[in-house]
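What follows is a set of notes on a single structure, which appears directly below.
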Amino acid sequence: MNKILVTISLFLALSVTAAAQRAMPQQMQKLLNAEYAISTLYVDSVNEEKLIEDAIKGMLESLDPHSSYTDAKETKELEEPLQGEFSGVGIQFNMNQDTLYVIQTIPGGPSERVGVLAGDRIIYVNDSTIAGVKMKNSDIQKRLRGKKGSQVTIKVKRPGVKELITFRITRDNIPLHSIDAQYMLDERTGYLRISRFGAKTHEEMMDALKELKKQGMTQLVMDLSDNGGGYLNAAIDMCNEFLDRGQLMVYTEGANSPRNEANANGWGDYKDLHMVVMVNQYSASAAEIFAGAMQDWDRAVIVGRRTFGKGLVQRPFKFEDGSMMRLTVARYYTPSGRCIQKPYKPGDKKAYENELLERANEGEYYCLDSIQFNDTLRYTTRLHGRTIYGGGGVMPDVYVPIDTTEYSTYYRDMSAKGIINQYVIQYVDKHRKGISKQFATLKEFDNGFVVTDEMMRDFIAMGEKDSVKFDEEKYRTSEQLLKDIIKGLIARDVYGDQSAYNVIINHRNRDLKAALDVLNDRERFDRLLREGNPEYERLVKKTKE
C-alpha cells in the first residue's frame, strides 16, 4: 500500500479520541475503498501518489486558510528561509534580461574566497549555458546550490577582461539573516529591521542590540513592517528580553489543545529600553505575537497600521517521503486575551486572501475615520488598564496612513516590469569603481551622491524600450520617489550592505518619522502607554451611533 496512505491511517488511528476511534473504521474504510476503486478501475491510468496528495489537500482546504499540505520540494523551500542557512556558493545575484549579474558575494563565503567579484556575469555553470537563456531564478538556484562540500564550476565574464574566468567553488553553509538593517538613526536612537522569525533571529537580535548599544543607543525603533512571521519560539525568545519575570507573553488554546502559556523568565537584558515597534498590514503571525505582547504589557508604543491577523497555530506532520501536512490545532492569544486571528469562513480561502484588498477598498490604509471598532471586542492592557481592541490583528497605538501622493501608474509600471532594478544593475556595472573611489563610505555616498537628470533620461529611455510609455505628468508625480529608490539600490549594490538601502530611503518613511516623533516626545510616549489613543474612543462611539 502507498506509504503516504499508511502513514495517514496510522496517524488518524493513534491521534483521535476513543469515541472517534470507534467510528473511524467505517469512515477510514470508505476512504480506502474509494482510493482502491479509482486506482484499479478508473478508465485511464492514474498517479496514485498524486491521488492521495489531492485527497489530503481537499480535506485541508475545507477547514481554515492556514492548514496546508506541501510536497517534499515545497516543504524544503518553505523551511529553508527559517532554518538560518543553506548550502551554496554564497552570492546575491540578479537577472538583467538574459544575463546573470553578481550583485555581491557573501563576506567570507565560498565565492568570495575564490575571487568572484560583484559585477561578474556568470556565463556557464558546470558547462551549462546560463547567459542568453531565459531561465527562472529557481532553476539557477538549483544549479548553484547543493550539498556542503560538493563542487561547482562557473565561468564568468568580468568587465575589462577579454577571456572568461573559470572558478571552481566548494559549496558551504550560507547564512540567511533575519535582520535587514541595523544602524543609528541619531546619537541615541537605534533602528533594527527584522524580516522574519527564524531559528537564529533571537541570536541575531541580541548581537545587533549589543552593537547598537556600543554606539550609544538608549532607545530603539524595532521595525517589523512586512514581517510575515515564522517560528513561535523565536518570538517568545525575543519577548523574553523585554518583559519582567512571570509576565505572560502568549498563550495558545484549541478545542483539542489545552491552554498552553509562555511566561517571561525575567532574565532579559532590555527590560527598561524605551521602544517603539513598527508594524503594517503585512506583519503577521510571530510578528503579531511580539507586537501584541509589547502592547498588552504597556511595554512599547506600536506605530503603523493594523497587522494581518494570522493567529492560527499549525502543527507540522511530516511524512516518510519528505512531504508535510501543517494542521491548525489552536489559536494564538495575546496576554490580554485578544485572539490575533481575523475572522474567516471555513473553505472560503479566496475571500480570506482578498481581505487586505477589502481593507484598502474600505479606506483603512488611508484614513483613520474609515476604521470602526467593535465595542464588544474591548480589552484592557495588563499593566495600566488602557483600552485596546480585538477583532483580528494588532491595532497600533499610533495610526499612520499610507502616503499615496507620489504614487502613479508610471511608477507602478516601471516597478512591475523590473525597469528600476535593470537600470540600477547596468548603472552600477559601469560606475561601481568610480562611485567607490569618489565616496569611500556609505555616509559620504548618502551626503554626496545625486541621481542626475541625465540618469533619469536614461532610465526613462530604458522604460520606453520595454513598452512603458513616458508620461510627463505622472513622472513628475513620482520623480523624487524614483530617484530615492534608485539611489538606495545603488548604495546597496556598491557597498554590499543590507542596511544601505534603508539608510538612504528611510528619510521618506512616514511610519519611521511617526515612531521617532513618539520616542523623542517622552511625555506623549508615557501618555500613550498609560492612556492609549483617545481618537479610537471617538471611532467606537461613531460605530455605536
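The values are calculated or read from the model by the stated rules, or taken from the named source; none is laboratory data. Here the structure is a predicted model, which means the values were calculated and not measured. Quick reminder, even Gly has a Cβ in these numbers, built from the backbone with ideal geometry, and neighbours come from all protein chains shown.
Can you give me the ranges of the strands (runs of 3 or more DSSP E) entirely in the stretch 259-378 with at least 2 residues that are modelled with pLDDT under 95 and closer than 30 Å to I52 by Cβ?
On the way: elements: 274-279, 301-304, 312-318, 324-333.
Per the criteria, 312-318, 324-333.
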ask   = Any idea which of (1) in contact with a Leu (Cβ under 6 Å, 6 or more places away or on another chain); (2) of a type in the set (D, E); (3) surrounded by fewer than 14 Cβ atoms within 10 Å (Cβ to Cβ) is the one D453 doesn't satisfy?
value = (1)
task = Working only within the stretch 385-413, note down all residues that are out of contact with any Leu (no Cβ under 7 Å at 6 or more places or on another chain), assigned to a helix (DSSP H, G or I) and in contact (Cβ under 8 Å) with a residue 40 or more places away in the chain.
result = T409, Y410, D413
inquiry  = Go through (1) crowded, with 18+ Cβ neighbours inside 10 Å; (2) on the phi > 0 side of the Ramachandran plot for S478 and report which single condition fails.
reply    = (2)
remark   = Considering residues that are surrounded by fewer than 12 Cβ atoms within 10 Å (Cβ to Cβ) and of a type in the set (A, V, I, L, M), the number found within the stretch 144-165 is 1
query = Just wondering, is there one or more residues in the stretch 420-430 that are touching a strand residue (DSSP E or B) at 6+ places or on another chain (Cβ under 6 Å) and not basic (K, R)?
reply = yes
query = Restricting to the stretch 160-193, what's the tally of residues that are under 25 Å from I505 (Cα atoms) and among the hydrophobic types (A, V, I, L, M, F, W, C)?
reply = 6
request  = With respect to T201, determine if the residue is farther than 23 Å from G496 by Cα and polar (S, T, N, Q).
outcome  = no
task = Would you mind stating whether F459 is aromatic (F, W, Y) and either part of a helix (DSSP H, G or I) or without any contact (Cβ under 8 Å) to a residue 12 or more places away in the chain (or both)?
result = yes
note = Those residues of the stretch 184-225 that are touching a Leu at 6+ places or on another chain (Cβ under 8 Å), surrounded by fewer than 22 Cβ atoms within 10 Å (Cβ to Cβ), in contact (Cβ under 8 Å) with a residue 60 or more places away in the chain and not in a loop (DSSP other than H, G, I, E, B) come to a total of 3
query = Do we find a residue being within 18 Å of the chain's Cα centre (by Cα), within 21 Å of Q498 (Cα to Cα), buried (at least 24 other Cβ atoms within 10 Å of the Cβ) and not aromatic (F, W, Y) anywhere in the stretch 233-248?
reply = no
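What are the residues in the stretch 504-523 that are in a helix (DSSP H, G or I) and more than 19 Å from D272 (Cβ to Cβ), if any?
So the first thing to find is which residues in the stretch 504-523 are in a helix (DSSP H, G or I), and the list is 504-508, 510-519, 522-523.
Answer for the stretch 504-523, where residues must be in a helix (DSSP H, G or I) and more than 19 Å from D272 (Cβ to Cβ): I504, I505, N506, H507, R508, R510, D511, L512, K513, A514, L516, D517.
Looking at the stretch 72-88, can you tell me whether even one residue there is touching an Asp or Glu at 6+ places or on another chain (Cβ under 9 Å), at pLDDT 75 or above, within 30 Å of P346 (Cα to Cα) and among the acidic types (D, E)? Show your work before the answer.
Residues of the stretch 72-88 touching an Asp or Glu at 6+ places or on another chain (Cβ under 9 Å): 72, 84, 86-88.
Filter once more, keeping what is at pLDDT 75 or above: 72, 87-88.
Those still in the list that are within 30 Å of P346 (Cα to Cα) too: 72.
From the residues that got through so far, the ones that are among the acidic types (D, E) too are none.
The answer is no, given that none of the residues of the stretch 72-88 is touching an Asp or Glu at 6+ places or on another chain (Cβ under 9 Å), at pLDDT 75 or above, within 30 Å of P346 (Cα to Cα) and among the acidic types (D, E).
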remark   = Taking the stretch 326-342 and keeping residues within 22 Å of the chain's Cα centre (by Cα) and either under 22 Å from E353 (Cβ atoms) or small (G, A, S) (or both) leaves R326, L327, T328, R331, Y332, C339, I340, Q341, K342
inquiry  = Among the residues of the stretch 434-450, what is the count of those that are buried (at least 16 other Cβ atoms within 10 Å of the Cβ) and under 29 Å from the mean Cα position of the chain (by Cα)?
reply    = 3
